[in-house]
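Visitor: Got a structure for you, written out below as C-alpha cells; questions coming shortly.
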Amino acid sequence: MLKKFFAPVDMTEGSPWKKIVFFTVPMLVGNIAQQLYNTVDSVVVGNYVGDNALAAVGSAGPILNLLLVLFVGISVGAGIIVSQYFGAKEREKLSVTIGNCITLTAAATVLVMVVASLVSRPLLELLDTPESIIDWCQSYLLILFIGSAGLAFYNILSGILRGLGDSMSALAYLLVSTVVNIILDLVFVAKLGMGVSGVALATVIAQLISALLCFWRLSKMVDLFDMKPRYLKLEKQHALKVIQLGLPSGITQAIFSMAMIVVQSLTNSFGEMFIAANVIIMRVDGFAMMPNFSFGTAMTTYAGQNVGARMYDRVEKGAKQGTWIAMGVSAILTSLILIFGKALMGIFTKTPELVDLSRDMMGILAVGYVAMAVTQSLSGVMRGAGDTVTPMWISIATTIFIRVPVAYGIAFLTRSAEFPGGRQECIFISLLSSWVAGAVITFFFYKRGKWKERAV
C-alpha cells in the first residue's frame, strides 16, 4: 500500500480533476513546508534578534531570487521534458535528459557560488539598503550562496520527480528537511546566538539533506529510467532542449526579481518599519500563493504527460477543471488570512504598530490571489505543452509596464507634507494591478490555443 502511495502518477488515464488534485495535495503540503524555511527564519530572528534583523532577512530576498534564476530555468525545463517523455514512454530519452540535468545543475551551482558571492554587497549598496541592516543582509546572502548546492539540486531533482508523477517523495523529503531547519534555527539563534548567519546556515544544511534524499529516490526508480555515469555526459540536443524550454522561465524569474529589486529601492525609502512590514506580508503572501503555485506545477505535469501522449482534448478538460478548483481553494485560503490576519502578523513581531501596518497592507492584495490562480493554472498548461515563451512575455509585460510604473507613479502623485515619499500603499496596489492584468492576458492567450503547436 505504501509503495503504491509513492508510485509515479500516470495522468493520461482516469478523471482529470481527481488526478490533478491527488497530485497537487502533497505538492501543496510540500510547498507550504518549503515556505516554512523563510518563515521560520523570519519568526526566529524577529523574536530572538529584533525587527531590524527581520528587515535584513527580507531585504536580502529579491537579490537571492535574482541570482538563483539559473536553477529555476533548469528545473522548469527538466520538469517539462521529463513529463512529456514519461507520457510518451521514451525510456532512453528520459534517461539522457535526467543525466544532463544533473550535470547542468552542477555547472550552474559553481557559477552562482562565484558570481553571487562577488556581487551581493554592491547590489545591496545600489539599493540604498540602510546601514543598520546591510552587514546582516550580506552575511545572510553569502552563506546561502556558498551553500547553494543543496537548494539547486533539491529544486531540480524534485522537479524531475514531479515530472515523473511522483510528488509524494519530494514532499516526504522536504518535510524531513523542514523539521531539521526549524531545530537548527532554534539551536543556532536561540541557543548559540548566531543571529542572521545562524538561520542562513540552518537553511543550507536542511536543503542539502533534502537534495540527497531526492537523489537517493531517483537512483531507485530503475523501472522508469537508467541512472548511469554515461548519461551524465552533456549531449547537445538534450541539454539545449532543457535550456531552451527553461530559459524563458528563468528570464521571467530574473525580470520579476529585478522588478522586486527596483521596487525594493522604493520600499527602503519608507524606512525600517515599512521594510519589516513588507517582510511579514511577503511571508504570509508566500502561504497565500502556495495553492496557486502548486496547481500551476501540477497543471504543467498534467499537460506534459497528456501532450506527450497526444491527448489534447484531455489537456483542455483538465485545464478547465483544475483552474476552477484552484480559484476556489485560493478564495477560501485568502478569506482565512484576512479573518485571522492580526494573529498571523503577531507571530513575527510583538510591535503593535508593525502588526497593524502589515494587516492593512495585506488587505490590499486579497482579491489578487484568486486572479493569480487563473494565471498560474493556465500558464502551467502552456508550459507543460512546451510553450514557455508566452507566459514569459506576459510576466515581463505586467511587471515592467504595470507593476513598476504604477508603484512609482502612485508614490509620486501622493507626495505631501505628511508623506514626502508618497503613500506606502503604492507598493501593494501596483502588485495587485499586475496580478489582475496578468490573469486577463493569460486567459486570452490560452484560449487562442497556440500552445498546442509547441509540443516537444
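Visitor: Can you find a residue that is open to solvent by 10 Å² or more (accessible area, probe 1.4 Å) and not in a helix (DSSP H, G or I) anywhere in segment 112-126?
Guide: No: segment 112-126 contains no residue that is open to solvent by 10 Å² or more (accessible area, probe 1.4 Å) and not in a helix (DSSP H, G or I).
Visitor: In addition: Is it the case that segment 424-432 has a residue that's modelled with pLDDT of 90 or more and closer than 30 Å to residue 242 by Cβ?
Guide: no
Visitor: Can you pull out the residues in segment 254-285 that are under 30 Å from residue 322 (Cβ atoms), open to solvent by 10 Å² or more (accessible area, probe 1.4 Å) and not aliphatic (A, V, I, L, M)?
Guide: Hits for segment 254-285 are 256, 283, 285.
Visitor: Taking interchain pairs and intrachain pairs at least six residues apart, which have beta carbon atoms under 6 angstrom, with the first residue in segment 397-422 and on the phi < 0 side of the Ramachandran plot and the second open to solvent by less than 40 Å² (accessible area, probe 1.4 Å) and part of a loop (DSSP other than H, G, I, E, B)?
Guide: Here the result reads 411/422; 414/422; 415/422, each pair linking segment 397-422 to a residue that is open to solvent by less than 40 Å² (accessible area, probe 1.4 Å) and part of a loop (DSSP other than H, G, I, E, B).
Visitor: Among the numbered criteria (1) more than 28 Å from residue 229 (Cβ to Cβ); (2) open to solvent by 40 Å² or more (accessible area, probe 1.4 Å); (3) over 23 Å from the mean Cα position of the chain (by Cα), which one does residue 129 miss?
Guide: So residue 129 meets the others, but not (2).
Visitor: Evaluate segment 349-356: report whether one residue or more is out of contact with any Ser or Thr (no Cβ under 6 Å at 6 or more places or on another chain), open to solvent by less than 10 Å² (accessible area, probe 1.4 Å) and at pLDDT below 85.
Guide: yes
Visitor: So residue 171 clears everything in (1) open to solvent by 10 Å² or more (accessible area, probe 1.4 Å); (2) within 23 Å of residue 298 (Cα to Cα); (3) at pLDDT 85 or above; (4) of a type in the set (A, V, I, L, M) except one condition, right? Which one?
Guide: If we test residue 171 against (1) open to solvent by 10 Å² or more (accessible area, probe 1.4 Å); (2) within 23 Å of residue 298 (Cα to Cα); (3) at pLDDT 85 or above; (4) of a type in the set (A, V, I, L, M), just (3) comes out false.
Visitor: Any residue at all in segment 303-311 that is open to solvent by less than 50 Å² (accessible area, probe 1.4 Å), under 30 Å from residue 74 (Cα atoms), in contact with a Leu (Cβ under 7 Å, 6 or more places away or on another chain) and in contact (Cβ under 8 Å) with a residue 12 or more places away in the chain?
Guide: No, the conditions are met nowhere in segment 303-311.
Visitor: Pull up segment 286-302, narrow it to residues that are farther than 20 Å from residue 396 by Cα and within 12 Å of the chain's Cα centre (by Cα), then point me to the one that is surrounded by the fewest Cβ atoms within 10 Å (Cβ to Cβ).
Guide: 287
Visitor: Quick check: is even one residue across segment 398-420 modelled with pLDDT under 90, touching a Ser or Thr at 6+ places or on another chain (Cβ under 6 Å) and open to solvent by 20 Å² or more (accessible area, probe 1.4 Å)?
Guide: There is no residue in segment 398-420 that is modelled with pLDDT under 90, touching a Ser or Thr at 6+ places or on another chain (Cβ under 6 Å) and open to solvent by 20 Å² or more (accessible area, probe 1.4 Å).
Visitor: Consider residue 220 carefully, then state whether it is among the basic types (Lys, Arg), under 20 Å from residue 166 (Cβ atoms) and surrounded by fewer than 19 Cβ atoms within 10 Å (Cβ to Cβ).
Guide: Spelling it out, residue 220 is indeed among the basic types (Lys, Arg), under 20 Å from residue 166 (Cβ atoms) and surrounded by fewer than 19 Cβ atoms within 10 Å (Cβ to Cβ).
Visitor: Which ones in segment 421-452 are open to solvent by less than 80 Å² (accessible area, probe 1.4 Å), outside any helix (DSSP H, G or I) and within 24 Å of residue 271 (Cβ to Cβ)?
Guide: Listed by number, the residues that qualify are 421, 422, 424, 425.
Visitor: Name, by its number, the condition in (1) under 10 Å from residue 281 (Cα atoms); (2) open to solvent by 30 Å² or more (accessible area, probe 1.4 Å) that does not hold for residue 361.
Guide: (2)
Visitor: Hey, can you tell me all the residues within segment 219-239 that are of a type in the set (A, V, I, L, M, F, W, C) and touching a helix residue (DSSP H, G or I) at 6+ places or on another chain (Cβ under 6 Å)?
Guide: Result: 225, 227, 232, 234, 239.
Visitor: Follow-up. Of the conditions (1) free of Cβ contacts under 8 Å to residues at least 40 places away in the same chain; (2) within 17 Å of the chain's Cα centre (by Cα), residue 155 fails just one. Which one is it?
Guide: The single condition residue 155 does not satisfy is (1).
The values are calculated or read from the model by the stated rules, or taken from the named source; none is laboratory data. All of these numbers come straight from a predicted model, not from anything done at the bench. A quick note on method: Cβ atoms are made from the backbone with ideal geometry, for glycine too, and the neighbour counts reach across all protein chains shown. These area figures cover heavy atoms from the full protein model, side chains too; ligands, DNA and RNA do not enter into them. Shrake-Rupley method; radii C 1.70, N 1.55, O 1.52, S 1.80 Å.
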